[in-house]
1. Identify all residues within the stretch 29-48 that are more than 9 Å from the chain's Cα centre (by Cα), open to solvent by less than 100 Å² (accessible area, probe 1.4 Å) and closer than 18 Å to PHE10 by Cα; write none if there are none.
2. Go through the stretch 38-49 residue by residue and tally those that are farther than 18 Å from GLN7 by Cβ and either out of contact with any strand residue (DSSP E or B) (no Cβ under 9 Å at 6 or more places or on another chain) or touching a residue at least 12 places away in the same chain (Cβ under 8 Å) (or both).
3. With the condition kept exactly as written, say whether any residue in the stretch 50-59 is out of contact with any Lys or Arg (no Cβ under 8 Å at 6 or more places or on another chain), without any contact (Cβ under 8 Å) to a residue 40 or more places away in the chain and surrounded by 12 or more Cβ atoms within 10 Å (Cβ to Cβ).
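The values are calculated or read from the model by the stated rules, or taken from the named source; none is laboratory data. Note that this is a predicted model, so its numbers are computed, not measured. Ideal geometry is used to build each Cβ from the backbone, glycine not excepted, and the neighbour counts take in all protein chains shown. Areas reflect the complete protein model, heavy atoms only, side chains present, ligands, DNA and RNA absent. Shrake-Rupley method; radii C 1.70, N 1.55, O 1.52, S 1.80 Å.
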Amino acid sequence: MSNQKYQCCFCDKNIESNQFDITALIVVSNWDKKQDLQQEQQLFCHIECLRSKLVDNVPLYIADIIE
């Protein structure tokens, strides 16, 4: 197991590795442009922090395994 630490980009707290966390978001800029014009960044968060930031009409299908 890795000793790497992860920090939530929403709440700023450490993320403990368990059944649902660590969640990674991949952000891609210039999505509608050619790939060589795109930039990527990976961000980490708690699944519950992500869920709390989404508006009600945006489904988070990966969270279905929690319920």
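1. The answer is GLU48, and nothing else.
2. So the answer is 1.
3. So far as the stretch 50-59 goes, yes, one or more of its residues are out of contact with any Lys or Arg (no Cβ under 8 Å at 6 or more places or on another chain), without any contact (Cβ under 8 Å) to a residue 40 or more places away in the chain and surrounded by 12 or more Cβ atoms within 10 Å (Cβ to Cβ).
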